[in-house]
Amino acid sequence: MKASPTPANSTSRRTFLRNSSVLVAGSAIAASQVQIARGAHAYGSDTIKVGLVGCGGRGSQAVQQAMNTTGGEVKLIAMADAFESRLQPSLAGLNRAKQGKVDVPKDRQFVGFNAYKDLLQTDCDMVILATPPGFRPLHFEAAVKAGKQIFAEKPVAVDAPGVRRFLAANEIAKQKGLAVAIGLQRRHERKYMETVKAIQDGAIGDIVLARAYWNGNKPWFRTRIEGETEMTYQMRNWYNFLWTCGDHIVEQHIHNIDVINWIKNDYPAKAQGQGGCVLREKAFGEIYDHHMVEFTYGDGTVMLSECRHQPNTWNSVAEHVHGTKGRADVSGSKIYDADGKIIHNFSPKNDQERDLSQGHQQEHHDLFAEIRAGRMPQEGEWGAKSTMTAIFGRMATYSGQTLDWDKCLNSEVVVSPVDKYTSFDDVPPTKPDADGWYALPTPGKTKVV
Ligand SMILES: NC(=O)c1ccc[n+]([C@@H]2O[C@H](COP(=O)([O-])OP(=O)(O)OC[C@H]3O[C@@H](n4cnc5c(N)ncnc54)[C@H](O)[C@@H]3O)[C@@H](O)[C@H]2O)c1
């Protein structure tokens, strides 16, 4: 098995120059080829201009982490959000935190459903896509078309058609030599990288079982404002709706599922599971509050996955792997032999190593170092397939059936028809009943394939 912490292609400045000379020589060159040359550019110490799509908590932090990188200036030059009321506080906060690195005048502030399109027309080099994931395939596809370097938050879709759309655009990004980085930051954390490599090198023998958990508290919600449209309410409360969020197994638990896929260098072939919503409240929309899935990989390895949103219950965000010669507490970065003796224990020895375990910052250090050197990270494929694994798990809990990976990846069931939404007066795919309750998926009845 091979470790793949940060796959990068070898697009070099020479490739860029070769493409440039083709452009000069040919008059009938397609616009997409112009973008091939732009994408493959080694930025060196040039200023990298960033545009932010989705100016919430994560997007605003990701911009700062991009600006903290070294090797050249990083400037924020454009911002897009569905809501003006989200864009302005983000801009004000960034102006306070990163004075001199933010240059977003009124005519580069965009709001509404089409804000991303306007932002992609600016001359930003890179976009950070940090909206709710239901919009990611649409925004990612447009960003690739526009020839931008891309940092896309996880998950990259909420349904199988969205995953396929993302994968198709990702192939074009590769052809264009564009960077695609995904916010699955554990893959950039030193403690994870060392532990995963030791496991892949055989420290615990053959893997027979993995356990992945995101068990925690209830998510946030925002109370309904009198007179707002249903679309506005659901967009403000995106976490609680399937079409925007994908349910918490996809939105949150993807991190832990991805770690096991990374260790296995594979994706599960089968899934079956159970889930539901025990602590129902109207405000919490239509997602479950617990999922438990048994995934089986092609070689027979089983991954047990649990995620839960219930206060005062066992709280654990972790990954564990069991092998024929020992076991690993992956999130705790400890490896034990068959007698329970610790044989590997990563602990940072200095500030630099401590910093290298901070994935959110490190993923940006890695991304910017790579694109300055002209090597474009290609994290899109595993980002999309780990997203699909989490969706696969949700399909299992919603349907109550034993499911097959290929059939699920090829499912035509669309849960997030975001292309058709252009206004807050549009009608979202789910509506409350007369008493204000949203319908939940029903195992045995709900169709997922
Ligand atoms: N990697 C991580 O550890 C991590 C941590 C937190 C969140 N995330 C991911 O980041 C993404 C955003 O999460 P968040 O916590 O910042 O949420 P948030 O609600 O704070 O921010 C989302 C922003 O996107 C805006 N938005 C919604 N639809 C939009 C559209 N169509 N066009 C433009 N803007 C739109 C919202 O108005 C909001 O400002 C999610 O995919 C989430 O899973 C990742």
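The values are calculated or read from the model by the stated rules, or taken from the named source; none is laboratory data. As the structure is a prediction and not an experimental result, all values here were calculated from the model. Quick reminder, even Gly has a Cβ in these numbers, built from the backbone with ideal geometry, and neighbours come from all protein chains shown. Remember, those area values only see protein heavy atoms, side chains included, never the ligands or the DNA or RNA. Shrake-Rupley method; radii C 1.70, N 1.55, O 1.52, S 1.80 Å.
For the chain, what proportion of DSSP beta bridges, expressed in % and rounded to the nearest 5, is antiparallel? Intermediate results must be reported in sequence, preceding the final value.
On the way: 35 of 65 bridges.
Looking only at bridges with both residues in the chain, the antiparallel portion is about 55 percent.
Rounded, prolate or oblate: which fits the chain, taking a ≥ b ≥ c as square roots of the Cα gyration tensor eigenvalues, rounded meaning a/c under 1.5, else prolate when a/b beats b/c? Could you put the intermediate results ahead of the total?
Working: a/c = 1.57, a/b = 1.11, b/c = 1.41.
Because a/c hits 1.5 or more and a/b fails to exceed b/c, the chain counts as oblate.
Give me the dipole magnitude in Debye, nearest 20, for the chain about the Cα centre, with unit charges on the beta carbon: positive for Lys and Arg, negative for Asp and Glu.
Numbers: 53 positive and 50 negative charges, 167 e Å.
For this selection, approximately 800 debye.
How much accessible area does Glu286 have with a 1.4 Å probe, in Å² rounded to the nearest 10?
20 Å²
With every protein chain present, what accessible area does Thr422 have (1.4 Å probe, heavy atoms only), rounded to the nearest 10 Å²?
Accessible area, nearest 10 Å²: 90 Å².
So, with a 1.4 angstrom probe, what is the percent of accessible area on segment 356-449 that is carbon and sulfur? Write down the numbers at each step before the final one.
Values: 2010 of 4050 Å².
Here carbon and sulfur together make up 50 percent of the probe-accessible area.
Identify all lysines with a Cα-Cα distance to Lys420 below 16 Å; exclude those on the same chain that are fewer than 8 residues away in sequence.
Within the straight-line cut-off, Lys420 pairs with Lys117.
Could you give the accessible area per residue of the chain, probe 1.4 Å, as a whole number in Å²? Don't skip to the answer; put the middle values down first.
Details: 18470 Å² over 449 residues.
Solvent-accessible surface per residue comes out at 41 Å².
Restricting to DSSP H runs of at least four residues, report the calculated mean residue ellipticity at 222 nm for the chain, -39500 (n - 2.57) per run over all residues, nearest 500 deg cm²/dmol. Let's see the in-between values first.
Numbers: 16 runs with 162 residues, N = 449.
Calculated from helices alone, the mean residue ellipticity at 222 nm is -10500 deg cm²/dmol.
Can you tell me which aspartates and glutamates have their Cα less than 12 Å from the Cα of Lys385? Leave out same-chain residues fewer than eight positions away.
The reachable aspartates and glutamates, counting only those whose Cα sits under 12 Å from Lys385, are Asp159, Asp258, Asp266, Asp406.
GNM on the chain, C-alpha springs below 10 Å: top fluctuator among Ala157, Ala142, Ala80?
Ala142
Please report the relative contact order for the chain, taking Cα pairs under 8 Å with a sequence separation of at least 6, and give it as a percent rounded to a whole number.
Values: 992 pairs, mean separation 96.5, N = 449.
Over the chain, the number comes to 21 percent.
What value does segment 162-254 have for Rg/Rh, both radii from Cα atoms and Rh as Kirkwood defines it? Don't jump to the answer; show the numbers that get you there.
On the way: Rg = 19.3 Å, Rh = 17.5 Å.
Over the Cα atoms of segment 162-254, Rg/Rh equals 1.10.
Provide Met193, Met231 ordered by accessible surface of protein heavy atoms (probe 1.4 Å), highest first.
Met193, Met231
Using DSSP loop states and a limit of at most 11 other Cβ atoms within 10 Å to flag chymotrypsin sites (Phe, Trp or Tyr not before Pro), what is the longest stretch of the chain containing no flagged site?
Working: sites that count: Trp220, Trp314.
Of all site-free stretches, the longest is 1-219.
Which is the longest run of the chain containing none of the trypsin sites (Lys or Arg not before Pro) found in DSSP loop states (not H, G, I, E, B) with at most 15 other C-beta atoms within 10 Å? List each step's numbers first, then the result.
Numbers: sites that count: Lys2, Arg222, Arg280, Lys325, Lys341, Lys349, Lys445, Lys447.
Result, exposed sites excluded: 3-221.
Probe radius 1.4 Å, ligands and nucleic acids ignored: give me the carbon and sulfur share of the accessible area of segment 34-114 as a rounded percent. Please report the intermediate quantities before stating the final value.
Numbers: 1590 of 3310 Å².
Carbon-and-sulfur percentage of accessible area, whole number: 48.
Tell me, what ³J(HN,Hα) does each residue in segment 422-436 have, in order and in whole Hz, if you take phi through Karplus 6.51 cos²θ - 1.76 cosθ + 1.60 with θ = phi - 60° and put x for Gly and Pro?
So the J values, rounded to whole Hz, are 10, 8, 6, 8, 5, 9, x, x, 10, 9, x, 7, 4, 8, x.
May I ask you to derive the FRET efficiency for Thr324 and Asn345 from their Cβ-Cβ distance with R0 = 30 Å, giving the value to the nearest 0.05? The partial results should precede the final answer.
Numbers: r = 21 Å, r/R0 = 0.70.
My answer for the efficiency is 0.90.
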